[in-house]
Amino acid sequence: MQLNQLDWFVFAAYGVIALATGLYFARRAGAGMQEFFLSGRKLPWWLLGTSMVATTFSTDTPNLVTNIVRSDGVSGNWIWWAYLITGMCTVFFYAKLWRRSGVLTDMGFYELRYSGRPAAFLRGFRALYLGVFFNVMIMATVTLAAIKISGVLLGIDKYTTVMVAATITAAYSASSGLWGVVVTDLLLFTISMVGSLSAAYFALQRPEVGGLSGLVNNPDLQGKLSMLPDFSDWTAVTSVLIVPLAVQWWSTWYPGAEPGGGGYIAQRMLAARNEKESVYSTLWFNVAHYALRPWPWILVALSSLLVYPTLESIQQRFPDLDPTIVGHDLAYPAMLVFLPSGLLGLVVASLAAAYMSTISTHLNWGAAYIVDDCYKRFWAPYRSEAHYILVARLSTVILVILASVVALWLDTARQAFQILLQIGAGTGLIFLLRWYWWRINAWGEVAAMIISFLVAVYFEFIHFRTGLVALGTEAQLVAGVVITTVGWMAVTFLTPKTDAETLGSFYRKIYPIGPGWRPVVKKIQLSQISEAGDVSIDNTEASSGQSLTVGFLAWFLGCVTVYAALFGTGYLLYGELVPGVFCLLLFVGSATWLSRILPHLGFAD
């Protein structure tokens, strides 16, 4: 065990504060489903955005980044950096639409947008598919990271870790609802940032590392430092850069980076006070997630290559660890043992905070799907609010038990990451188009979900037994995207259209811009002319107060702003002054331009 009395005191103090916050909001959360799942739609943008950042800063995130850096170098992070494009697209084209929809969960969108039994089936099935299957997989990866961290720092076996962590977090989440989750996330984010910065500072002080200059000048790391792949190796360029930037960001569904928004990101947007705060919250999330947080993790990962150059060196340093959990992702917690007393307790508390933040969000989000989109919608539609809150709390307990069981089966965070990417391959485009093109229907979404899952199962369990040429991860992803996209588009055009009344109702509520709704608008106009002799609805940008041109410009500037900050910080850390200053000037210029565009995005409230 690495912690002493001072560390335990700091760790315990954090635990008391977090639990006290959850209990404080328990009564308010129990007032009804709107309060329990959306905090009454009264949350400000800065609190919502910080909550999103805290949720994505889970215990498995630094472990995953460490795994990537040790295996593929810094440039390997493009596998998730590319999702900034998705995130900024959500900010400027979808955040206000989600808030405008007024649904309780993003699953409620289906019966707002589609019609009949297909819509009802899609809502219920996808709620269970995402709220249970996908949700459990994500929570399992976070719990797996907690197992590895506690094994290194606390000397606790995986079964004890799972039992203690799951019990505390389930009790906290079931009592406080979204109010407690979001408010506590502000504290958790602060502690987590302090912890990651401290871990980076002391990692650089190791004699094997020799400070920041020693790190960047060490010949053993020269193949790992570049933020871009080696362009002389087109295999690496394709897997690290081309596939993520050309295919992955728009085509794959992954929690926290859903094309068009979804899951707990949509939940936060729906909980905002109005459309403007929904947009601002998502913008702050993307800035903090991609520009503010990565470098402390990367510095620790690079340092770990000098301290623990091989997996054998990690196993030798911690001989009592279960060999089944020793992987490159374990190098991050292995670097934390060098922190001084007191600060080690704070860093462990920050990792516990990251765990609680992510798990509590996923439990609340998953329970919302189970209660509102399944139980209330199909089995018990006329029960009291108190009854639904009770079911939500019971669902929370069931979800955390399932996640704990799966966590004991997984080996690495990257393993689950790749599985989920493949399962979601090819579904992203339909999530982008369904808001802006009337022809998308429920059957197309059902087909996308089923086809992508079957393709993932084929590559994971069947392909290698067929005797066909083995495909790499990126080739499997692209193949999955092509097969799934062609499949759902074919099903969409071969199945009935959504009925005109539902399309008209959706349009009047959401007012999506662009040419994709012109046939619906024409029908509405003809109906109004026959009834009243005039036309009171239009699909022009001027009438809606929105502009596709402004939206695309804001999207571009948002991506430039964040990538410039990310690269500028990296170049300055590497001691490369000229490109570092250039990137930071680009950051200032694009951020200033973007700030002037934001008021012109066309908010309805």
*Pairs, please: C-beta under 6 Å, at least 6 apart or cross-chain, first residue closer than 14 Å to Gly73 by Cβ and in segment 223-238, second part of a loop (DSSP other than H, G, I, E, B)?*
Lys224/Gly73; Ala236/Pro229; Ala236/Asp230; Val237/Pro229; Val237/Phe231
*Any residue at all in segment 140-154 that is assigned to a loop (DSSP other than H, G, I, E, B) and open to solvent by less than 60 Å² (accessible area, probe 1.4 Å)?*
yes
*Between a first residue in segment 67-90 that is touching a residue at least 40 places away in the same chain (Cβ under 8 Å) and outside any helix (DSSP H, G or I) and a second residue that is aliphatic (A, V, I, L, M) and open to solvent by 10 Å² or more (accessible area, probe 1.4 Å), which pairs have beta carbons less than 8 Å apart while being 6 or more apart in sequence or on different chains?*
Gly73/Leu225; Ala82/Leu245
*Considering only segment 206-217, state which residues are open to solvent by 50 Å² or more (accessible area, probe 1.4 Å) and free of Cβ contacts under 8 Å to residues at least 12 places away in the same chain.*
Pro207, Asn217
*Of the residues that sit in segment 108-136 and are closer than 17 Å to Ser395 by Cα and among the hydrophobic types (A, V, I, L, M, F, W, C), which one is farthest from the chain's Cα centre (by Cα)?*
Phe125
*What are the pairs, 6+ residues apart or on separate chains, where a residue within segment 43-64 that is of a type in the set (Val, Ile, Thr) has its Cβ under 7 Å from a residue that is surrounded by fewer than 24 Cβ atoms within 10 Å (Cβ to Cβ) and modelled with pLDDT of 90 or more?*
Val53/Ala288
*List pairs: first in segment 474-492 and closer than 21 Å to Ala119 by Cβ, second modelled with pLDDT under 90 and not in a helix (DSSP H, G or I), Cβ under 9 Å, 6+ apart or cross-chain?*
Thr484/Ala425; Thr484/Gly426; Thr484/Thr427; Gly487/Gly426; Trp488/Gly426; Trp488/Thr427
*Just one of (1) modelled with pLDDT of 75 or more; (2) out of contact with any strand residue (DSSP E or B) (no Cβ under 6 Å at 6 or more places or on another chain); (3) surrounded by 16 or more Cβ atoms within 10 Å (Cβ to Cβ) trips up Leu420, so point out which.*
(1)
*asked:* Would you confirm, using the coordinates I've provided, whether Leu186 is open to solvent by 60 Å² or more (accessible area, probe 1.4 Å), outside any loop (DSSP other than H, G, I, E, B) and within 27 Å of Val400 (Cβ to Cβ)?
replied: yes
*Answer with yes or no whether Tyr511 is at pLDDT 85 or above and at positive phi.*
yes
*Please state which of the following conditions Gly180 fails to meet, knowing it meets all the rest: (1) open to solvent by less than 20 Å² (accessible area, probe 1.4 Å); (2) in contact (Cβ under 8 Å) with a residue 40 or more places away in the chain; (3) assigned to a helix (DSSP H, G or I); (4) more than 14 Å from Ala353 (Cα to Cα).*
(4)
*If a residue has to be of a type outside the set (Val, Ile, Thr) and open to solvent by less than 10 Å² (accessible area, probe 1.4 Å) to count, how many in segment 241-254 make the cut?*
3
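Here are Val194, Val237: which of them is closer than 29 Å to Glu474 by Cα, assigned to a helix (DSSP H, G or I) and of a type outside the set (Ser, Thr, Tyr)?
On the way: Val194 fails: closer than 29 Å to Glu474 by Cα.
Selected residue: Val237, the only one of Val194, Val237 that is closer than 29 Å to Glu474 by Cα, assigned to a helix (DSSP H, G or I) and of a type outside the set (Ser, Thr, Tyr).
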*Taking segment 557-605, which residues are hydroxyl-bearing (Ser, Thr, Tyr), touching a helix residue (DSSP H, G or I) at 6+ places or on another chain (Cβ under 8 Å) and either loosely packed, with under 15 Cβ neighbours inside 10 Å or at positive phi (or both)?*
none
_Which numbered condition Leu468 fails, given (1) assigned to a helix (DSSP H, G or I); (2) surrounded by fewer than 21 Cβ atoms within 10 Å (Cβ to Cβ)_ = (1)
*Within segment 435-450, which residues are within 13 Å of Thr492 (Cβ to Cβ), open to solvent by 40 Å² or more (accessible area, probe 1.4 Å) and not in a loop (DSSP other than H, G, I, E, B)?*
Trp443
*Working only within segment 371-404, note down all residues that are within 20 Å of the chain's Cα centre (by Cα) and over 30 Å from Ala12 (Cβ atoms).*
none
_Unmet requirement for Arg268, which otherwise passes all of (1) under 17 Å from Trp46 (Cβ atoms); (2) among the charged types (D, E, K, R); (3) open to solvent by 40 Å² or more (accessible area, probe 1.4 Å)_ = (3)
_Against the definition (buried (at least 20 other Cβ atoms within 10 Å of the Cβ), under 20 Å from the mean Cα position of the chain (by Cα) and under 30 Å from Lys148 (Cβ atoms)), how does Ile314 come out, yes or no?_
no
*asked:* Given the criteria in contact (Cβ under 8 Å) with a residue 60 or more places away in the chain, among the small types (Gly, Ala, Ser) and within 29 Å of Pro333 (Cα to Cα), does Gly195 qualify?
replied: yes
*Leu410 fails exactly one of the following numbered conditions: (1) at pLDDT 90 or above; (2) within 30 Å of Val243 (Cβ to Cβ); (3) open to solvent by less than 10 Å² (accessible area, probe 1.4 Å). What is the number of that condition?*
(1)
*Could you tell me whether Val164 is touching a Phe, Trp or Tyr at 6+ places or on another chain (Cβ under 8 Å), of a type outside the set (Ser, Thr, Tyr), surrounded by fewer than 24 Cβ atoms within 10 Å (Cβ to Cβ) and at pLDDT below 90?*
no
_When you check Thr502 against the structure, is it open to solvent by 40 Å² or more (accessible area, probe 1.4 Å) and among the polar types (S, T, N, Q), yes or no?_
no
*Does any residue of segment 92-99 turn out to be open to solvent by less than 10 Å² (accessible area, probe 1.4 Å), under 20 Å from the mean Cα position of the chain (by Cα), closer than 25 Å to Val300 by Cα and of a type in the set (A, V, I, L, M)?*
no
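The values are calculated or read from the model by the stated rules, or taken from the named source; none is laboratory data. Only a predicted model underlies this, so the values are computations on that prediction, with no experimental measurement involved. All Cβ positions, glycine included, derive from the backbone under ideal geometry; neighbour counts span all protein chains shown. These area figures cover heavy atoms from the full protein model, side chains too; ligands, DNA and RNA do not enter into them. Shrake-Rupley method; radii C 1.70, N 1.55, O 1.52, S 1.80 Å.
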